[in-house]
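Trainee: The structure that follows is given in the form of structure tokens.
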Amino acid sequence: MSPANAKLNAFPVFMRVEGEAVAIVGGGAEALAKARLIAQSSAALRVIAPVIEVELAAFITEAGASHVAAAYDASHLEGTVMVFAASGDEATDRRVARDARRLGVPVNAVDRPELCDFFTPALVNRAPVAIAIGTEGAGPVLAQMLRGRIDQMLSPSLGSLAALAASLRGAVEKLLPRGNARRRFWNSFFQGGPAHAIEAGELSRAHDTAVDLLLSSVPASGHIALVGAGPGAEDLLTLRAHRLLLEADVIVHDALVPEAVVAMGRRDAERLPVGKRKGCHTKSQAEINALLVELGREGKRVVRLKSGDPLVFGRAGEEMAALRDAGIAYEVVPGVTAAFAAAADFELPLTLRGVSSSMVFTTGHDLKGNSLPDWAKLAISGATVAVYMGRSVAAEVAGRLIDAGLSPDTAVAVVENASLGNRRRFHGTLADLPSLEVRADLSGPVMTIIGDAVAGANFERSEPLAAHRHEGAAAAAEGVQP
């Protein structure tokens with residue numbers, strides 16, 4: 001199962017514990033660790049142990065918790081909403097877990113994951129904001145490491161900002177309609193003047209700025225971001241692209257954009273697939289243009305997700321022209337184009353001193369005429385050529401380049417599903433390239449790179465194209481696929 005589709009065995013939730021009893025059975029260091037964690041909440045803490053260590057006793061006094069100085073009995077769990085078995089004795093912890101389940105109370109047994117109904121997280125506390133990090137008991141040290149990193153990222157004043165937001169929530173719900181307008185207000189609140197005032201310690205100014213923002217009647221204006229989703233791997237998305245996804249009301253995406261990338265947007269964002277996969281166009285380009293204009297006029301913040309880079313065979317020019325004509329604000333966010341991802345998969349230098357100092361991006365679909373396209377002339381003069389959608393035109397590209405004088409021995413690298421974990425790499429020569437056209441097993445996007453610079457690639461994890469060359473030629477001659 002890929003990381004994007006991995007399932008959690010323990011689902012994270014926040015349980016209401018204000019004024020509720022939480023029991024800890026144990027009197028030593030393990031009980032103290034859980035007591036410190038629970039004391040960050042407003043729960044009524046109950047520690048059950050006949051004898052407790054000095055440090056735990058001092059903490060109970062300081063935290064205003066209660067100590068039941070008796071040997072554990074199931075009756076001590078009555079009226080609790082959560083129980084921790086932290087006695088250090090396996091038999092006692094098992095008894096506590098059994099009693100808690102009989103009473104319908106969730107239980108956590110320290111260092112005994114098989115007895116746990118829930119796991120305690122590493123907690124970043126900016127009350128009322130809390131960030132809980134869990135590993136399902138597999139790596140507590142990892143959880144603490146992540147906690148430290150997140151703690152450093154978050155302003156100490158975040159809790160005060162959240163408290164101010166809570167005090168304004170009723171007014172916001174009364175004055176602003178649900179949806180786009182309300183979301184815009186909160187985006188401005190948490191990133192604009194109120195946040196800056198809180199950061200400076202000026203609570204009164206923060207409140208006044210928030211009220212001014214709330215009473216402002218400036219209508220929401222639409223904005224379209226043409227965003228490069230990269231070649232497939234979600235961690236190749238740019239930071240700006242990720243931020244815009246989290247702010248978007250609507251995500252309009254092509255078929256080649258993986259679900260893992262689309263899922264990086266807000267969960268409540270509207271998702272509109274518009275096809276554009278070869279042979280399966282659910283919307284024409286004119287329809288997509290009209291859709292973007294319509295969403296912009298509705299005041300929506302839209303991310304138009306395009307595979308790779310929007311400006312490389314992404315037809316962004318037509319979409320930008322439509323948005324300009326309609327007076328809709330837009331921006332372009334570059335992405336990692338497939339040629340760069342394929343080169344990285346091969347550790348392939350696209351330019352190489354003394355070998356190749358220029359590059360060509362092409363789909364190869366302009367080879368139909370009698371005259372050779374300019375990019376083919378550049379290939380013959382030594383440029384590295386990256387062919388997008390390379391499988392379907394591989395034979396024609398190879399034939400025309402060889403006929404024009406490019407050596408059949410020119411190095412070629414091919415990647416299916418560049419950047420992804422299931423990528424496949426092939427290498428060979430220009431003469432081997434036609435074998436791609438009949439490779440029905442290559443169902444993912446194929447990127448082909450041609451040129452003398454390809455010889456500098458790392459072919460250790462690559463299959464030779466020549467292995468399929470004769471098989472492909474025979475199949476082509478018979479008009480069947482192998």
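Trainee: Inspect region 396-403 for any residue being closer than 14 Å to Thr429 by Cα, surrounded by fewer than 23 Cβ atoms within 10 Å (Cβ to Cβ) and among the charged types (D, E, K, R) and give the result as yes or no.
Mentor: Looking for residues that are closer than 14 Å to Thr429 by Cα, surrounded by fewer than 23 Cβ atoms within 10 Å (Cβ to Cβ) and among the charged types (D, E, K, R), one finds none in region 396-403, hence no.
Trainee: Just one of Ala162, Ala197 is within 21 Å of Ala127 (Cβ to Cβ), surrounded by 14 or more Cβ atoms within 10 Å (Cβ to Cβ) and touching a Ser or Thr at 6+ places or on another chain (Cβ under 7 Å); which is it?
Mentor: Sole residue among the options that is within 21 Å of Ala127 (Cβ to Cβ), surrounded by 14 or more Cβ atoms within 10 Å (Cβ to Cβ) and touching a Ser or Thr at 6+ places or on another chain (Cβ under 7 Å): Ala197.
Trainee: Can you give me the number of residues within region 362-421 that are under 22 Å from Arg439 (Cβ atoms) and among the acidic types (Asp, Glu)?
Mentor: Summing the residues that are under 22 Å from Arg439 (Cβ atoms) and among the acidic types (Asp, Glu) in region 362-421 gives 3.
Trainee: Would you point out the residue of region 224-238, among those that are out of contact with any Gly (no Cβ under 7 Å at 6 or more places or on another chain) and farther than 18 Å from Ala341 by Cβ, that is surrounded by the fewest Cβ atoms within 10 Å (Cβ to Cβ)?
Mentor: So, considering only residues that are out of contact with any Gly (no Cβ under 7 Å at 6 or more places or on another chain) and farther than 18 Å from Ala341 by Cβ, the one surrounded by the fewest Cβ atoms within 10 Å (Cβ to Cβ) is Ala225.
Trainee: Go through region 159-249 and tell me which helices (runs of 4 or more DSSP H), entirely inside it, have 3 or more residues that are touching a residue at least 40 places away in the same chain (Cβ under 8 Å) and either farther than 21 Å from Asp268 by Cβ or not assigned by TED's automatic domain parsing to the domain that holds Leu305 (or both).
Mentor: Because the criterion is at least 3 residues that are touching a residue at least 40 places away in the same chain (Cβ under 8 Å) and either farther than 21 Å from Asp268 by Cβ or not assigned by TED's automatic domain parsing to the domain that holds Leu305 (or both), the helices (runs of 4 or more DSSP H) in region 159-249 that meet it are 180-191, 203-215.
Trainee: Among the residues of region 284-340, how many are assigned to a loop (DSSP other than H, G, I, E, B), crowded, with 21+ Cβ neighbours inside 10 Å and small (Gly, Ala, Ser)?
Mentor: Here the count works out to 3.
Trainee: Given the criterion on the phi < 0 side of the Ramachandran plot, surrounded by fewer than 19 Cβ atoms within 10 Å (Cβ to Cβ), of a type in the set (D, E, K, R) and in the same structural domain as Glu18 (by TED's automatic domain parsing), identify the matching residue among Asp89, Asp151, Asp93. Steps first, answer last, please.
Mentor: Working: Asp151 fails: in the same structural domain as Glu18 (by TED's automatic domain parsing); Asp93 fails: surrounded by fewer than 19 Cβ atoms within 10 Å (Cβ to Cβ).
It is Asp89.
Trainee: Among the residues that make up region 102-109, is at least one of them closer than 22 Å to Asn9 by Cβ, β-branched (Val, Ile, Thr) and at pLDDT below 95?
Mentor: No - not one qualifying residue is present in region 102-109.
Trainee: Looking at region 390-428, which of its residues are in contact (Cβ under 8 Å) with a residue 24 or more places away in the chain and of a type in the set (S, T, N, Q)?
Mentor: Ser392, Thr410, Asn417, Ser419
Trainee: Pairs only if they're at least six apart or on different chains, beta carbon under 9 angstrom, first in region 106-127 and closer than 14 Å to Ser41 by Cβ, second aromatic (Phe, Trp, Tyr); list them, first residue then second.
Mentor: So the pair list comes out as Thr120/Phe84.
The values are calculated or read from the model by the stated rules, or taken from the named source; none is laboratory data. Note that the structure is a prediction, hence the values are computed from the model and not measured. Positions of Cβ are backbone-derived with ideal geometry, glycine not excepted, and every protein chain shown enters the neighbour counts.
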